[in-house]
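Have a look at the structure below before the remarks.
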Amino acid sequence: MLLIAAGLLVEHSGLAGTIQGRVCSAISPADLSNFVLSVEDIEGTFPVPEEPAIMDQKGLRFDPHVLVIQVGTRVEFPNSDPVSHNVFSISEAKRFNLGLYTRGAMRRLMFDRPGVVELLCNVHLEMYGYIVVLKNPYFARTDSSGAYRIDGVPAGRHRLRCWHERSRVQESTVEVPETGSVAVEFSAVK
Ligand SMILES: [Cu+2]
């Protein structure tokens, strides 16, 4: 409780900065989206977004390909395709099977453990996507140019992680200022 109160105090006193930067990669230079940047060492209880997140199935793909959420977030899985899908996962962070469902139908699931959940469809073997579940709200996903920005990070020294489905996980120590921003660049490696 003390730790949580201290964390809240830090935020309320405005001692929070921004981490922003860019990821570059030799792996997929045309599209640098879907790298997930997360501050790993901030523990506590954080309000969970009331609105559910959405992982659509559209054009025989998961949309978005990578969804990043805070632990405890509810996710809706609509089916926007004229064919049935059967979404499932055997990942440790969440094992489930939503069963076969048609266009217009929807399944819902709450993600209660941090980790990377790989999504598959047992009708369409080429379909795959990810839900990255994180323990605090300090995260961002890169845009297609590789740029990202995480606002409101409590000031101090933190561990910033960079995840991508086809890249080795990297971490960097970052000193978040009490106001303003710090820039952190990553270069993706296999
Ligand atoms: Cu499918």
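Observations on the structure shown:
- Against the chain, whose longest principal axis is taken from its Cα atoms, helix 2-12 shows a tilt of about 80°.
- Alpha carbon centroid spacing (whole Å) that separates region 18-38 from region 123-190: 8 Å
- Averaged over residues, the count of other Cβ atoms within 10 Å places the peptides 97-110, 73-86 in the sequence 73-86, 97-110, highest first.
- Phi angles of region 140-154 translate, via the Karplus equation with coefficients 6.51, -1.76, 1.60 and θ = phi - 60°, into HN-Hα couplings of 7, 10, 5, 7, 5, 8, x, 7, 8, 7, 10, 9, x, 7, x Hz per residue; Gly and Pro are given as x.
- Net charge of neighbours whose Cβ lies under 14 Å from the Cβ of F77, counting Lys and Arg as +1 and Asp and Glu as -1: +3
- Net charge of neighbours whose Cβ lies under 11 Å from the Cβ of S25, counting Lys and Arg as +1 and Asp and Glu as -1: +2
- FRET efficiency estimate (nearest 0.05) - Cβ-Cβ, A30 to D81, R0 41 angstrom: 0.95
- Taking other residues whose beta carbon is less than 15 angstrom from the beta carbon of F139, and scoring Lys, Arg as +1 and Asp, Glu as -1, yields -1.
- Q170 long-range amide H proximity, modeled H, under 5 Å: C162
- Interchain or long-range residues, amide H under 5 Å from Q70's placed H: L134
- Per-residue Karplus couplings for region 63-72, computed as 6.51 cos²θ - 1.76 cosθ + 1.60 with θ equal to phi - 60°, are listed in order as 10, x, 5, 10, 10, 10, 9, 8, 4, x Hz, Gly and Pro entered as x.
- Rounded to the nearest Hz, the phi-derived 3J(HN,Hα) couplings of region 113-128 under the Karplus curve 6.51 cos²θ - 1.76 cosθ + 1.60 (θ = phi - 60°) are 9, x, x, 9, 10, 8, 9, 9, 10, 7, 8, 10, 5, 7, 7, 7, where x marks glycine and proline.
- Amide hydrogen proximity for D56: with H placed 1.01 Å from N in the peptide plane, the residues at 5 or more positions away or on another chain lying under 5 Å are D63.
Read-outs throughout are calculated quantities, based only on the coordinates presented, and are distinct from any laboratory measurement. None of these values were measured; they are calculated from a predicted model. A quick note on method: Cβ atoms are made from the backbone with ideal geometry, for glycine too, and the neighbour counts reach across all protein chains shown.
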